[in-house]
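Quick notes on the structure that follows.
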């Protein structure tokens, strides 16, 4: 049976809320390469103007992990929800919301419902999360 781990955090930006939202939701196949993660491939499929499927494949020496995420955008609320459809975090759901902090500053609020499917890794992940908070 999966174990649910809930957590949240916020990240401040020195750009407007609208600009931060646009940057955060500009999904491309090169996102991971831009961050130096060359072992990850991403396919982006736009189902509608506000619905995206992200397929990410991570290659390591030991294995290949594929994740599919359904991302629903709410541009009028500067919010989006990402739901893992496959992979080790299957059924996990992440809520992102950008709020203004003046004209040239903003904050990303992140809320997670992380579904842990392997009993033995639950304690490791929970300990890491607690240490980070």
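So which strands (runs of 3 or more DSSP E) stay within segment 1-89 end to end and still have 3 or more residues that are in contact (Cβ under 8 Å) with a residue 60 or more places away in the chain and out of contact with any helix residue (DSSP H, G or I) (no Cβ under 7 Å at 6 or more places or on another chain)?
Counting at least 3 such residues, we get 3-13.
Among the candidates 26, 49, single out the residue that is within 19 Å of residue 82 (Cβ to Cβ), more than 17 Å from the chain's Cα centre (by Cα) and modelled with pLDDT of 85 or more.
49
The values are calculated or read from the model by the stated rules, or taken from the named source; none is laboratory data. The shown structure was predicted, so the numbers you read here are calculated from the model rather than taken from an experiment. Because the Cβ atoms are built from the backbone with ideal geometry, glycine has one as well, and the counts that use them run over all protein chains shown.
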